[in-house]
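Working notes for the structure below.
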Amino acid sequence: VATKVAFWLPQAVGVVLYPRMANPAQSAAAVRSALTVLVGLGAALVAAAAVCAPIVPLLVGEAYEPVQSLLWAFALQGACLAVLQGALLSAIAGERTHLAGVAWVGLVVEAILMVTVASTMRQFIAVAVGVAAVTAAAVAVLAVRAAGASSPSGNATAPHREVGGGTREL
């Protein structure tokens with residue numbers, strides 16, 4: 001449940017920023033904004049899961065007591081997946097869908113590690129969180145770089161000014 005909340009709660013970020021991510025002139029800034037907001041929301045949700053963990057058995061039943069101390073990790077996985085989804089959404093908006101290959105590699109690595117390394121609940125969670133975090137970070141960095149490279153000047157952060165019918169970097 002914590003994973004799903006941390007994954008689905010920030011969905012509006014991508015919906016709101018998608019038009020800007022699809023615009024080459026605004027793409028780099030929109031991608032950075034989206035990823036910053038997703039990371040911030042994720043951090044808040046992980047903190048909230050850690051703080052609220054002691055009351056989970058009271059709210060949803062004693063059956064959840066064994067995972068009570070791991071609630072923050074489930075939220076962290078969901079937050080990482082939300083960042084990954086945001087980065088992939090920016091890739092779709094900018095027609096850079098080749099970045100999805102990194103997510104597929106992450107899935108394969110996770111499956112292999114789950115089968116060969118993980119044998120306890122904590123190990124399964126550690127593998128899921130670790131792979132989600134590394135994959136999200138990799139795709140996010142690549143998405144920001146790709147968005148910056150596709151900006152009209154090739155430099156997404158340089159201000160521009162119209163000069164004599166052309167655009168010039170300041």
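The values are calculated or read from the model by the stated rules, or taken from the named source; none is laboratory data. The structure presented is a predicted model; accordingly, all values stated were derived computationally and were not measured. Note that each Cβ is placed from the backbone with ideal geometry, even for glycine, and that neighbours are counted across all protein chains shown. Ligands, DNA and RNA are excluded from the accessible area calculation, which covers all protein heavy atoms including side chains. Shrake-Rupley method; radii C 1.70, N 1.55, O 1.52, S 1.80 Å.
I'm trying to understand the selection: among the residues of the stretch 115-125, which are in a helix (DSSP H, G or I) and either touching a helix residue (DSSP H, G or I) at 6+ places or on another chain (Cβ under 6 Å) or touching a residue at least 24 places away in the same chain (Cβ under 8 Å) (or both)?
Start the filter on the stretch 115-125 by keeping residues that are in a helix (DSSP H, G or I), which leaves 115-116, 121-125.
M121, R122, I125, listed by residue number.
Condition check ((1) open to solvent by less than 70 Å² (accessible area, probe 1.4 Å); (2) without any contact (Cβ under 8 Å) to a residue 24 or more places away in the chain) across all residues:
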position	(1), (2)
A12	yes, yes
R32	no, no
V37	yes, no
L59	no, yes
E95	no, yes
A100	yes, yes
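Sort out which residues of the stretch 92-149 are at pLDDT 90 or above and of a type in the set (D, E), and write them in order of number.
If the condition is that a residue be at pLDDT 90 or above and of a type in the set (D, E), then E110 is the only one that fits.
Going by the structure shown, is V51 under 20 Å from G78 (Cβ atoms) and either in contact with a Pro (Cβ under 9 Å, 6 or more places away or on another chain) or part of a helix (DSSP H, G or I) (or both)? Steps first, please.
On the way: under 20 Å from G78 (Cβ atoms): yes; either in contact with a Pro (Cβ under 9 Å, 6 or more places away or on another chain) or part of a helix (DSSP H, G or I) (or both): yes.
Criteria met by V51.
Only residues that are in a helix (DSSP H, G or I) and open to solvent by less than 40 Å² (accessible area, probe 1.4 Å): list them for the stretch 61-85, please.
Correct list: V67, L70, L71, A73, A75, Q77, G78, A79, C80, A82, V83, L84.
If you scan the stretch 17-30, which residues turn out to be assigned to a helix (DSSP H, G or I) and surrounded by 15 or more Cβ atoms within 10 Å (Cβ to Cβ)?
Answer for the stretch 17-30, where residues must be assigned to a helix (DSSP H, G or I) and surrounded by 15 or more Cβ atoms within 10 Å (Cβ to Cβ): L17, Y18, R20, M21, A22, S27, A28, A29, A30.
Within the stretch 66-91, work out how many residues are at pLDDT below 85 and under 16 Å from L45 (Cβ atoms).
0
Can you tell me which of V31, V46 is modelled with pLDDT of 80 or more and closer than 13 Å to L71 by Cα?
V46
Being among the aliphatic types (A, V, I, L, M) and closer than 15 Å to V1 by Cα is the filter; apply it to the stretch 39-57 and report the residue that is most open to solvent (accessible area, probe 1.4 Å). Let's see the steps before the verdict.
So the first thing to find is which residues in the stretch 39-57 are among the aliphatic types (A, V, I, L, M), and the list is 39, 41, 43-51, 53, 55-56.
Those still in the list that are closer than 15 Å to V1 by Cα too: 45-46, 48-50, 53, 55-56.
On the way: L45: 36, V46: 27, A48: 44, A49: 11, A50: 55, A53: 10, I55: 81, V56: 27 Å².
For the stretch 39-57, the residue satisfying everything is I55.
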